[in-house]
Amino acid sequence: MTSLLIGANGGLAQAIYQKLNLLSECTQVDLVSRSFCTPFRRQDRVFTLDSCDADAVESFCFAREQEALKYQQVFCCIGMLHQPGRFPEKQLQQVRPESLSEYFQINTLAPANWLARLTRLCSSKGPLTIVFFSARVGSIEDNQLGGWYGYRISKAALNMLVKSAAPELIRFNPQARILCYHPGTVDTSLSAPFQSRMGTKPLLTPSQSVDGLFRYLTMPHEQTGAKFIDWQGKSIPW
Ligand SMILES: NC(=O)c1ccc[n+]([C@@H]2O[C@H](COP(=O)([O-])OP(=O)(O)OC[C@H]3O[C@@H](n4cnc5c(N)ncnc54)[C@H](OP(=O)(O)O)[C@@H]3O)[C@@H](O)[C@H]2O)c1
C-alpha cells in the first residue's frame, strides 16, 4: 500500500507518518511539505513544494503519472489557525478581506489543488482512503460560539468541497472512502496559543488523535460517501 502525506512537517502529519511506519502493509510513503523532513525508511520519499502553488502541485502529479504510481491512501493535513501577523478574529469588526483570503488560500484552496487532481494519483480499483484534516468548528450546524471567522468559513468550505467531490470520487473508485477528520484539540503548534482556555476538553497528543483515526479506518468499510468524523469515530453534523 502506498500513501501520500501532504503537509508532512505538521505535528499531526508526523504522528501519521510514525503510525504508517508501524503498519506492515504500508510499503511506501511519499511526503510533501514546504520544508524538508527526514524520511524514516529508504523507500519513503520527500517532495518539497508549497501546496498553495497550483503549478507546483501539477508538476508533482505529472511526475507521479510518469512513474505510473498510484496511491491507496492520501492524508492532507494542511491547516492554519494562526501565523505571524494573523490571529483568529474574535469579533466581526476584525474581519478583513485579506485575512479571509489568507485562511481560504491555505485551508481551502491548497487542499483543493490536491483534491482536483486525486483521480490521476489514486487507484481506481481496490480500497482507497482519502482523509482531509478539517475541524469541528467548520461544522455549520454545530456552531454555537461564533468567532474565528476565517478559520471556520475556510474549514466549512473545505467540508463542502469534500462532500461535493465524494460522488465523483466514488464513481471513480467504488471502494473510495473520503473523510473530513476533526482530530480533537491536539498538542501541536496550531493549538498552542489556545490550550490554556480549553476548560474541561481533553488535550490529546498527536499519536492519541492519530490512533483514533486509524481505529476508524480499520472498522468495516461502508460505501456511503463522505463522512465528517471526530477522533472518537463519532459523526459531526456538516
Ligand atoms: N491541533 C489541533 O488542535 C487541531 C484541531 C482541529 C483541527 N486541526 C487540523 O489538523 C490539521 C493539522 O494541524 P496540526 O495540529 O498538525 O498543526 P501544525 O503542526 O501547525 O501543522 C500545520 C500543517 O499545515 C501545513 N501548513 C501550514 N501553513 C501552511 C501554508 N501557508 N501553506 C501550506 N501548508 C501549510 C503544514 O504543512 P508543512 O509540512 O508544509 O509545514 C502542516 O501540515 C490542520 O488541518 C488543522 O486545521 C488541528
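Screening residue 139 on (1) modelled with pLDDT of 95 or more; (2) out of contact with any Pro (no Cβ under 6 Å at 6 or more places or on another chain) shows it passes everything except condition (2). For segment 192-213, a residue qualifies if it is out of contact with any Gly (no Cβ under 8 Å at 6 or more places or on another chain), under 20 Å from residue 236 (Cα atoms) and either of a type in the set (A, V, I, L, M) or near the ligand (Cβ under 9 Å from one of its atoms) (or both), and the qualifying residues are 198, 203, 210, 213. Within segment 181-204, being in contact with a Phe, Trp or Tyr (Cβ under 9 Å, 6 or more places away or on another chain) and either closer than 22 Å to residue 124 by Cβ or of a type in the set (Phe, Trp, Tyr) (or both) holds for one residue alone: 181.
In segment 118-136, the residues that are in contact (Cβ under 8 Å) with a residue 60 or more places away in the chain form Cβ pairs under 6 Å with partners that are β-branched (Val, Ile, Thr) and surrounded by fewer than 22 Cβ atoms within 10 Å (Cβ to Cβ), at six or more places apart or across chains, as follows: 136/236. Scanning segment 61-85 for residues that are in contact with a helix residue (DSSP H, G or I) (Cβ under 9 Å, 6 or more places away or on another chain) and closer than 22 Å to residue 12 by Cβ returns 71, 73, 74, 75, 76, 77, 78, 79, 80, 81, 82, 83.
Only one entry of 185, 205, 218 meets the criterion of being at pLDDT below 95 and not basic (Lys, Arg), and that entry is 218.
Starting from residues that are hydroxyl-bearing (Ser, Thr, Tyr) and closer than 10 Å to residue 11 by Cβ, keep the ones in segment 187-206 and report whichever is surrounded by the fewest Cβ atoms within 10 Å (Cβ to Cβ). Among those that are hydroxyl-bearing (Ser, Thr, Tyr) and closer than 10 Å to residue 11 by Cβ, it is 189. Every condition in (1) under 19 Å from residue 188 (Cα atoms); (2) in contact with a helix residue (DSSP H, G or I) (Cβ under 8 Å, 6 or more places away or on another chain); (3) part of a helix (DSSP H, G or I); (4) within 13 Å of the ligand (Cβ to nearest atom) is met by residue 88 except one, and the failing one is (3). Being at pLDDT 95 or above, of a type in the set (A, V, I, L, M), over 16 Å from the mean Cα position of the chain (by Cα) and on the phi < 0 side of the Ramachandran plot holds for only one residue in 5, 100, and it is 100.
For segment 180-191, a residue qualifies if it is assigned to a loop (DSSP other than H, G, I, E, B) and more than 7 Å from the ligand (Cβ to nearest atom), and exactly one does: 187. Selection within segment 93-119: residues that are surrounded by 20 or more Cβ atoms within 10 Å (Cβ to Cβ) and in contact with a strand residue (DSSP E or B) (Cβ under 7 Å, 6 or more places away or on another chain). The member of this set that is farthest from residue 34 (Cα to Cα) is 118.
Conditions tested, residue by residue: (1) aliphatic (A, V, I, L, M); (2) free of Cβ contacts under 8 Å to residues at least 60 places away in the same chain.
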{"site": "71", "(1), (2)": "no, no"}
{"site": "76", "(1), (2)": "no, no"}
{"site": "92", "(1), (2)": "yes, yes"}
{"site": "146", "(1), (2)": "no, yes"}
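The values are calculated or read from the model by the stated rules, or taken from the named source; none is laboratory data. Nothing here was measured: the structure is a model prediction, and the numbers come from that model. Here Cβ is always computed from backbone atoms with ideal geometry, including for glycine, and neighbour counts include all displayed protein chains.
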